[in-house]
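Worksheet: one structure, shown below.
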Amino acid sequence: GEYYRDDLLGFSVRNLEGVGLGVLRAYIDMPANPVMVVVEGERERWLPLTSQHLRRVDPHARELLVDWPE
């Protein structure tokens, strides 16, 4: 499936090991590809928005599964 980026804002993000990384708050368009800004408390992570890193979107659970280390 395909999704509009704005529809995924507010989704929780966890990695393949099941660790919660935070909540998707924004996107930044970079020259190579867009990045997802994932926020957890004071910590901010920038994760590439590519099929290599974004593995699954679960719209019912409002969750994104990513291949990204803790």
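The values are calculated or read from the model by the stated rules, or taken from the named source; none is laboratory data. Quick caveat: nothing in here was measured; it's all calculated off a predicted structure. As a convention, Cβ positions derive from the backbone with ideal geometry for all residues, glycine included, and neighbour counts pool all protein chains shown. Side chains are part of the model used for accessible areas, which takes the heavy atoms of the whole protein and leaves out ligands, DNA and RNA. Shrake-Rupley method; radii C 1.70, N 1.55, O 1.52, S 1.80 Å.
Worth pointing out:
- Heavy atoms of LEU49 accessible to a 1.4 Å probe, total area in Å² rounded to 10: 40 Å²
- For the chain, averaging the sequence separation of C-alpha pairs within contact (under 8 Å, six or more residues apart) and dividing by the residue count gives a relative contact order of 29 percent.
- Accessible-area order (highest first, 1.4 angstrom probe) of the listed residues ASP29, ASP58: ASP29, ASP58
- Surface composition of the chain: carbon and sulfur make up 49 percent of the accessible area, probe 1.4 Å.
- A 1.4 Å probe run over the chain, with the rest of the protein chains in place, finds 66 Å² accessible per residue.
- For GluC sites (Glu not before Pro), the sites in region 1-62 that DSSP calls loop and that have at most 13 other Cβ atoms within 10 Å are GLU2, GLU17, GLU42.
- Estimated dipole of the chain in Debye, rounded to 20 [Cβ of Lys and Arg +1, of Asp and Glu -1, Cα centre]: 40 debye
- When the Cα positions of SER51, ASN33, LEU21 are compared along the charge dipole of region 17-66, SER51 comes out farthest toward the positive end, with charges on each C-beta of Lys, Arg, Asp and Glu.
- Charge sum, other residues only, whose C-beta stays under 13 Å from ARG14's C-beta, Lys/Arg counted +1 and Asp/Glu -1: -2
- Within the full protein context, the accessible area of TYR3 is estimated at about 110 Å² for a probe radius of 1.4 Å.
- Positive contributions from Lys and Arg (+1) and negative ones from Asp and Glu (-1), summed over other residues with Cβ under 12 Å from the Cβ of VAL23, come out at +2.
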